[in-house]
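Beneath this line is the structure, given in structure tokens, with notes to follow.
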Amino acid sequence: MNYIKKRRPVKNQFTLGMVQWYSLQQELDDPYYLQIRQGIENFCIQNNIHLIRTFKNDDLGELKNVDGLICIGKFSKAEQNAFKKLSSHTLFLDMLSDDFHDNTITLDFYQAIYDVLDYLVSLNHHKIGFLGGKEYLNDGSIYHDVRKEIFIKYCEEHDIEYQPYVREELFKVESGYAMVCDRILSNNPPTALFCASDPIAFGAMRALNEHNIRIPEDISLVGFDDIKQASFTTPPLTTVYAPTAQMGEYGANIVYHLLSQYDSETPIHTTLPCLLIERESTKTYEKKSYHS
């Protein structure tokens, strides 16, 4: 198939619409989506692009005449269809879509989870917990986060004990704290915890400290995102670097240079790699009285 069919004329100034599903307060609580937004904004500044920012509950009328549209976060099917009616050059960031024709950029969760668990197994951990988060769509349904099922698949393939140590709440510090306090430390505790976000890991870290459980001497802790604060915790957090700012920049670049300027029948599905960042919250497990 000839990917590039026809190039459209370039306007003097390009107008990009952006829909955010996180509020400004939520961005402060968990800067994952803040970094995606900042990546888009930086690209727009560098390329003299007029950016119209909206939130999912805003009146979307001002987006009717945009040249392209980026949607950040998780959206219901009805919301997705409404966005695509606003612009045929729509891209979804950080959301897998059931519709093959949608343009998407997501992270390679599969390889990231396997890298984390390979690393923990290499440190002699065979009882590993998972602290995840639930994300609710506008229609009340829960967005399917593949990280939990990938975690379970790996553990079952490698004879890792995980069943008593799986918890899910929200992607918040408070949830990380609550999940660790929820009987996860009783009886036969895990030797390592994998957290689906750095804020969850921060909450878990506080709960472990309050229970006088040392990190990493008694339990290893791994986060996900590598937000700025992760390198300033005590101890500094081992985590997975998620290229969120690059996701925003790539998304704006694709809409600006490709979707809006060329006609094509081929959707764009891009997956960005993640990188394990080893810091001081993990170490080789040696059996102690806490885990006896």
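Please go through the residue pairs Lys85/Lys148; Lys56/Lys85; Lys77/Lys134; Lys56/Lys153 and name each one whose alpha carbons sit more than 25 Å apart in this structure.
Lys85/Lys148; Lys56/Lys153
Please report, in debye to the nearest 20, how large the charge dipole of the stretch 179-292 is about its Cα centre when each Lys and Arg carries +1 at its beta carbon and each Asp and Glu carries -1 there.
Taking the Cα centre of the stretch 179-292 as origin, the dipole is about 520 debye.
So which GluC sites (Glu not before Pro) in the stretch 139-220 are both in a DSSP loop and have at most 13 other Cβ atoms within 10 Å of their Cβ?
Glu217
Output needed for the stretch 56-102: three equivalent-ellipsoid semi-axes, defined as square roots of 5 times the C-alpha gyration tensor eigenvalues, in descending order, whole Å.
17, 12, 9
Only sites in a loop by DSSP and with at most 14 other Cβ atoms within 10 Å count here; which trypsin sites (Lys or Arg not before Pro) in the stretch 75-151 make the cut?
Loop-located and lightly packed - Lys134.
For the stretch 92-224, build the charge dipole from Cβ charges (+1 Lys, Arg; -1 Asp, Glu) around the Cα centre, then report which of Leu137, Phe224, Phe100 sits farthest towards its positive end.
About the Cα centre, the residue reaching furthest to the positive side is Phe224.
Can you list, largest first and rounded to whole Å, the semi-axes you get for the stretch 149-231 by taking the square root of 5 times each eigenvalue of its Cα gyration tensor?
Over the Cα atoms of the stretch 149-231, the semi-axes work out to 19, 16, 12 Å.
Taking all protein chains as present, what is the carbon and sulfur share of the accessible area of the stretch 227-280, in % to the nearest whole number, probe 1.4 Å?
Carbon and sulfur: 54 percent of the exposed surface of the stretch 227-280.
Please give the length that would be gained between Thr271 and Gln246 if that part of the chain were fully extended, namely 0.36 nm times their separation in residues minus their C-alpha to C-alpha distance (nm, one decimal).
In short, 7.8 nm is gained.
Could you give the size of the charge dipole of the chain about its Cα centre, using +1 on the Cβ of each K and R and -1 on the Cβ of each D and E, expressed in debye and rounded to the nearest 20?
That gives the chain a dipole magnitude of about 580 debye.
Can you compute the FRET efficiency between His257 and Glu149 using 1/(1 + (r/R0)^6), with r the Cβ-Cβ distance and R0 = 41 Å? Round to the nearest 0.05.
0.75
Principal axis lengths of the stretch 139-292 from Cα atoms, whole Å, largest first?
The Cα atoms of the stretch 139-292 stretch 65, 32, 32 Å along the principal axes, largest first.
For the chain, find the longest principal axis of its Cα atoms and tell me its angle to the long axis of helix 244-254, 0 to 90°, nearest 10.
20 degrees
Using the charge dipole of the stretch 90-211 (Lys, Arg: +1 at Cβ; Asp, Glu: -1 at Cβ; taken about the Cα centre), state which of Tyr154, Val173, Ser186 has its Cα farthest towards the positive end.
Final value for the positive-end residue is Ser186.
For the stretch 28-69, report the accessible area per residue in Å² (1.4 Å probe, heavy atoms, rounded to an integer).
That works out to 53 Å² for each residue.
Can you give me the relative contact order of the chain as a percent, contacts being Cα pairs under 8 Å and 6 or more apart?
The normalised contact order for the chain reaches 24 percent.
In degrees from 0 to 90, rounded to the nearest 10, what is the angle of the helix 198-210 Cα long axis to the longest principal axis of the chain?
20 degrees
Test of understanding: what is the full-extension gain from Ser141 to Lys287, defined as 0.36 nm times their sequence separation minus their Cα-Cα distance?
48.4 nm
Report, in degrees rounded to the nearest 10, the 0 to 90 angle that the Cα long axis of helix 77-86 makes with the longest principal axis of the chain.
For helix 77-86, the angle is close to 30 degrees.
At 1.4 Å probe size, what's the solvent-accessible area of Ser231? Round to the nearest 10 Å².
50 Å²
Counting alpha carbon pairs within less than 8 Å and at least 6 residues apart, what relative contact order, in whole percent, applies to the stretch 96-186?
Taking the mean separation of contacting Cα pairs over the length of the stretch 96-186, I get 31 percent.
Rounded to the nearest 500 deg cm²/dmol, what is the calculated helix-only ellipticity per residue at 222 nm for the chain, with -39500 (n - 2.57) per DSSP H run of length n ≥ 4?
Helices in the chain give a 222 nm mean residue ellipticity of -9500 deg cm²/dmol.
Determine by what factor the alpha-carbon radius of gyration of the stretch 52-154 differs from 2.2 N^0.38 Å, reporting the quotient.
Rg over 2.2 N^0.38 Å, computed on Cα atoms: 1.37.
From the list [x] -0.35, -1.13; [y] -0.24, -1.16; [z] -0.30, -1.08, can you say which value of log10 I(q)/I(0) by the Debye sum over Cα atoms at q = 0.07, 0.15 Å⁻¹ was derived from the structure given?
Given [x] -0.35, -1.13; [y] -0.24, -1.16; [z] -0.30, -1.08, the calculated one carries the label [z].
The values are calculated or read from the model by the stated rules, or taken from the named source; none is laboratory data. For clarity, every value in this text was computed on a predicted model and none was experimentally measured. In this analysis, Cβ positions are derived from the backbone assuming ideal geometry, glycine residues included, and neighbour counts consider all displayed protein chains. When the accessible area is computed, the model is the full protein with side chains, heavy atoms only, and any ligands, DNA or RNA have been set aside. Shrake-Rupley method; radii C 1.70, N 1.55, O 1.52, S 1.80 Å.
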